1. Name the residues in the range 124-166 that are surrounded by 14 or more Cβ atoms within 10 Å (Cβ to Cβ) and without any contact (Cβ under 8 Å) to a residue 12 or more places away in the chain, would you?
2. Just checking, how many residues over the range 61-112 are under 20 Å from M144 (Cβ atoms), aromatic (F, W, Y) and touching a Leu at 6+ places or on another chain (Cβ under 8 Å)?
3. What tally of residues in the range 16-35 results from selecting those that are charged (D, E, K, R) and modelled with pLDDT of 95 or more?
4. Within the range 22-47, track down each residue that is within 26 Å of A93 (Cα to Cα) and surrounded by 14 or more Cβ atoms within 10 Å (Cβ to Cβ).
5. If I go through the range 20-46 residue by residue, how many of them are in contact with a Leu (Cβ under 7 Å, 6 or more places away or on another chain) and assigned to a helix (DSSP H, G or I)?
6. Against the definition (under 13 Å from the mean Cα position of the chain (by Cα), aliphatic (A, V, I, L, M) and closer than 30 Å to G126 by Cα), how does V83 come out, yes or no?
7. Among what's in the range 17-72 and is touching a Pro at 6+ places or on another chain (Cβ under 7 Å) and aromatic (F, W, Y), pick the residue that is nearest to S159 (Cα to Cα).
8. So, in the range 81-90, exactly how many residues are touching a residue at least 24 places away in the same chain (Cβ under 8 Å) and over 14 Å from F36 (Cα atoms)?
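The values are calculated or read from the model by the stated rules, or taken from the named source; none is laboratory data. A quick note: this is a predicted structure, and the numbers were derived from the prediction, not measured. Here the Cβ is made from the backbone with ideal geometry for all residues, glycine too, and neighbour counts use every protein chain on show.
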Amino acid sequence: MQLHRHPYTTATLSDGVELRLRSLGPDDLGLLERFFYSLSPESVYRRFMSPLGRPSVELGTRLLAVDHHDREAVAAFHDGEIVGVARYALGPAGHDLAIVVADAWQRRGLSTVLLGRLLALARSRGITSFSASLLAENRPVIEMIRQAFPEARFERAGSELEARISLL
């Protein structure tokens, strides 16, 4: 078993399933690759907003290049495997938010659990807002954002939406 600097916390979904959560780091590349390959093409498309056949090592390395301040990634684990990841990264327009959940775990409240953990970390680091780019057709994520952040603003740009989320 790998040792990590970041301790696990636990979370229980509404159906009683207990998960372990922790921040990711560079030594999680193998776990992240297995997670990616567990996703359906639709889930990959919704997360990356384009089809992605095989992720490059560079992409995996970039996704795991977290400094735990301006770039963070929190994963949920079940039976030692990643079943969902929430992340933020400082970009040109502020902190960008992204969440992806394994198909078998969707619509069970995992996104909300991951988002809650990520928000707690962001707030403790002085982050006051997020932006999130998503497909305009991605109704489940739009509804999750609306429920979690009633004040969120959405701007449409073609087939995409940009959500502006205040953490204040």
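1. If the condition is that a residue be surrounded by 14 or more Cβ atoms within 10 Å (Cβ to Cβ) and without any contact (Cβ under 8 Å) to a residue 12 or more places away in the chain, then no residue fits.
2. Total meeting the criteria: 1.
3. Applying the first criterion (charged (D, E, K, R)) to the range 16-35 yields 18, 20, 22, 27-28, 33-34.
In the following step, the residues that additionally are modelled with pLDDT of 95 or more were identified as 18, 20, 22.
Looking only at that region, the number is 3.
4. Filtering the range 22-47 for residues within 26 Å of A93 (Cα to Cα) gives 23-26, 43-47.
Answer for the range 22-47, where residues must be within 26 Å of A93 (Cα to Cα) and surrounded by 14 or more Cβ atoms within 10 Å (Cβ to Cβ): S23, L24, G25, S43, V44, Y45, R46, R47.
5. To start, the set of residues in the range 20-46 that are in contact with a Leu (Cβ under 7 Å, 6 or more places away or on another chain) comprises 24-26, 28-29, 32, 44, 46.
Narrowing further to those that are assigned to a helix (DSSP H, G or I): 26, 28-29, 32, 44, 46.
Total meeting the criteria: 6.
6. On the way: under 13 Å from the mean Cα position of the chain (by Cα): yes; aliphatic (A, V, I, L, M): yes; closer than 30 Å to G126 by Cα: yes.
Considered against the rule, which asks whether it is under 13 Å from the mean Cα position of the chain (by Cα), aliphatic (A, V, I, L, M) and closer than 30 Å to G126 by Cα, V83 comes out as yes.
7. For the range 17-72, the residue satisfying everything is Y45.
8. Initial filter on the range 81-90 (touching a residue at least 24 places away in the same chain (Cβ under 8 Å)): 81-88.
Okay, now just the ones that are also over 14 Å from F36 (Cα atoms), so 87-88.
Qualifying residue count for the region: 2.
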